[in-house]
């Protein structure tokens, strides 16, 4: 039976036929690898995801973690899955060999990881946070911190979290109040409370490594005065063993619409439940320099944002494959042109509207996966760049694509899940089937790691203009190069290229008009509309790239790619025209709405 | 504290300032009523909904009905709520006085009922089904059937269901296999199984009146051979008391994403669990004539479809009001033009993107409510028509608006709930707040009582062309009349009228082109796109109607209406342009997609 997690055929197409990820092995960083090791990792990921992660997905949704005031209980299958992942040495799959990692290209690692997210996004969440945490500490931590915290995380003995938000601050990190008081021995003592911290309390591993944003008294106001500290659940002894309990205490669990299998916590630091070393406060260790926490965290956050995008893709993808399978097997009704009730019912995949819903899902999830892997390859080009210029070129593109790679799948692969429910009809609405859970799980993605609105401010207020518009110019150049190739290809591909070129030029001229207006308030008021139009145009480019990679190849798989691209250009890209008109008009409808008028 | 169920100010505006429902009291049917009795009913509905329905909404979501193999247990608050509703004589609020009803206009009854749906759509579901069932039997049942079943339903002693779907048939009613075998005494014995039957098993009332579609052996194939039968859970004795158990047995409960408080069942008829009168089969009583069941059911179904639309509106509306309240109370962040972290945080309602999300919700839910009440008033004009022509005029409009009144709120008031979650951010994703449940509850609406796709086939394949296009012409005339008035009003209203007129004309010409093409297959393949474009244009008309009603009135409420209308014309109506282009091109992308290409 075919896997309903991801299509391996599509993964292979994207990695090898399109992105030519195997060519990365010519670079020093990836020289130990080969297409064979990549394939072996992908095989392993699919097998482990299928065997250890998928089977308890519904169970952990129905049996979310419970807190008895002392301990948190999580169903046993979660630990088995995490252990299997760690034992397969996958936690460090993309990390440097010097830290015990496998140094795989991010593109391969992300594709492999997507199988786990598709199988069970909650259990996978513990891993995603641990991997991001370990990556950050490997980059900015001291050798001692790496020894004490990173290595046990890679071995699966510890898990990690990222603790940014506070109840009163949410998206506004400038307003956090958790404080870190310096001690004579160079450590810190933390006091405060954090909200929405996933994976921050459980008994799945020996220890939990919290990376916490806090303010060191006397520092600058706002985000410039925020530091990053390691605040483990248990202190770690010099020999690496787990020691005294730190004063990190669970105030309570949040109960979510989806992603119910991973704990989401309110966490109190230094409230006095424990007194490590006989003194008040949670012990913390500064990462890097004081007041630079936001910069460090954003390294992790960018990775986390791309991870969120890939998580959204994975859920969209598995929902698509499940609804596809259902549509093939479920007989119901007849074609409008053949209504005779004496004839047998047809599988619903033959109904044009069902095909439309499947095709839309295909366009969203394969497009989203392609975008995610494209961005992952940019990370690889950064990591293996042989010159400053090469590094910079990848960084410029990655910077402007990150808000899209986070927000676009969070919106459209969620919509794919919505369509998957619709294909299943009443069955899709029941918990006896998977797709309603995928929808609920996926609904988190436009909220966490920077909401949809925050992504739009990042794109329009920062990325588009940064370094004199250099990121935007880099993207323009990449798109233009694709358009040129497609135009030279001729035929239908050239027609699509013309359409993309026109959309991109219109976007560029609208962008210029918005900034030239000098009316920042009006320009920023519709930043979400901008993000959404921008995202759809980027995805049209990604689809054109894919059909170029399919060019000259015959067969169902390639015909499917071409049809999905047609769908995207005919049904989706045209949505951007009225959005761009609205943006160009610097519409003030939302801006001028008054509280009292609601 | 202001109610967060519906805005009474808005209800009053729609009913009295716009629809002038009080003028209905000049008609014979409603002569016993007055604005005062209407207001008293609305007050009562809001009070009962707030007191008996809203408080257990979350509890019944968290504690869904359970089945121990013998009995179904539902939390006690459900019965208290149903009893309170029945004791207030609301079950028959829109029914004829001759059956013990209050004979209120449907517009008033629907507005009142919306408070209950907003408060608790699951508990209200038992009532909605009972009321629709009673209405159908009052219309087509014999005096004995009315005595035995309708009167106890109005008194709250019995509840009702509608049992159409079967596991193998779903939306394709032609393929049901439940059979009704005629008996010598004029009754029938039923054998078969029904799926998705809401409210069909519980101990909340003395009896459950199932209206069941079945085939009488020897009848025509397809939908023309379907009959409608009353199949009660318990037989009713001649004195009206509840007698022997009928062979209607619960096979199991479905477990849904939302609307968890109302039982949803697989129901077996005549499987032999019970043997009424010592013989096999579930006893059924034919309603009306044999083989006319679909026609009877569709009377109930049209009402049910409008009811689904109003339910979707109610959930959208309460989510909007809750997210509005939250946005006013929640401080977070600062304006892009005033980023100094030393200044206090502002309520999030001041952020333009939050205003945009609230304004979109306002446009969707107030627009949806207006459409629902407009349709309800058409029902009143039918019921109180003083000539055949008058009746026909209302019917033509109602026919073509019904698929829109069902599908548009099911799509856009669901989207309103999606935006409400986004306004709440992380909190909105938790079950500690209400909005995620509203989303889950609302997600059923594009599926049941005819899916989104079925509505689109009904609109494009039936309603648009019926009686030589008379329904479409009636709508064109209604819109044209609004456009004329708005044009005469001048100013901004006239500008919006021009925009609506252009959209409508474009829709009309695209419709003509689609039918003139003779390519039925391609025309029907994008019926959902047609439904969605059609719906948005209808809603633009409804918004223009509202600002005409607000014309000349000053003050926050009216300014809010005008701003929401602006939002709709600037952000929403333009979405239809690319949809209409696609339709005009008779796009075959979905149609030509092949199974093997997925």
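Tabulated data for the structure shown
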item	result
Average other protein chain Cβ within 10 Å of Cβ, residues B:349-362	6
Normalised convex hull volume, chain B, alpha-carbon set, Å³ per residue	179 Å³
Label-point separation in nm, residue A:488 to residue B:337, each point 7 Å along Cα→Cβ	4.9 nm
Per-residue average of Cβ from other chains inside 10 Å of A:551-559	2
Distance histogram in 20 Å bins (all Cα pairs of the protein assembly as shown, percent per bin)	11, 41, 35, 12, 1
Sites residue B:8 and residue B:58, calculated FRET efficiency, Cβ-Cβ separation with R0 25 Å, nearest 0.05	0.60
C-alpha long axis of helix A:35-48 to longest principal axis of chain A, angle in °	80 degrees
Projected area averaged over orientations for the range B:300-442, convex hull of C-alpha atoms, nm²	10.2 nm²
For residue A:299, label point 7 Å along C-beta direction: distances to other copies, nm	7.4
Percentage of interatomic Cα-Cα distances in the range B:138-188 larger than 13 Å	72 percent
Folded to 0 to 90 degrees: helix B:106-119 orientation relative to chain B principal axis, Cα	90 degrees
Degrees separating the helix A:466-489 axis from the principal Cα axis of chain A, which is the longest one	30 degrees
Whole-Å distance, taken between Cα centres, linking the range A:231-245 and the range A:323-402	46 Å
Spatial separation of Cα centroids for the range B:85-113 and the range A:66-99, in angstrom	59 Å
Per-copy distances of the residue A:467 label point, shortest first, in nm (7 angstrom along Cα→Cβ)	6.8
Average beta carbon contacts from partner chains per residue of A:250-257, 10 Å cutoff	4
Percentage, to the nearest whole number, of Cα pairs in the range A:452-587 over 21 Å apart	43 percent
Bins of 10 Å from zero: percent of alpha-carbon pairs in the range B:1-128	12, 40, 30, 13, 4, 0
Sites residue B:553 and residue B:477, calculated FRET efficiency, Cβ-Cβ separation with R0 30 Å, nearest 0.05	0.65
Calculated label separations, residue A:23, copies of the chain, 7 Å along the beta-carbon direction, nm	7.3
Theoretical FRET efficiency, 1/(1+(r/R0)^6), r = Cβ-Cβ of residue A:584 and residue A:467, R0 30 Å, to 0.05	0.75
The range A:232-322: proportion of alpha-carbon pairs further apart than 18 angstrom, %	68 percent
Inter-site label distance for residue B:88 and residue A:221 at 7 Å from Cα along Cβ, in nm	5.1 nm
For the range B:203-267: span of alpha carbons on each principal axis (Å, largest first)	41, 38, 16
Cα centroid of the range B:500-573 to Cα centroid of the range B:268-303, whole Å	42 Å
Cα-projected label distance for residue B:66 with residue B:292, points at 7 Å along beta-carbon direction, nm	4.7 nm
Rounded to 5, percent antiparallel among DSSP beta bridges of chain A	80 percent
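Values in this text are rule-based calculations from the coordinates and carry no lab data. Model, not experiment: these values are computed from the prediction. Ideal geometry is used to build each Cβ from the backbone, glycine not excepted, and the neighbour counts take in all protein chains shown.
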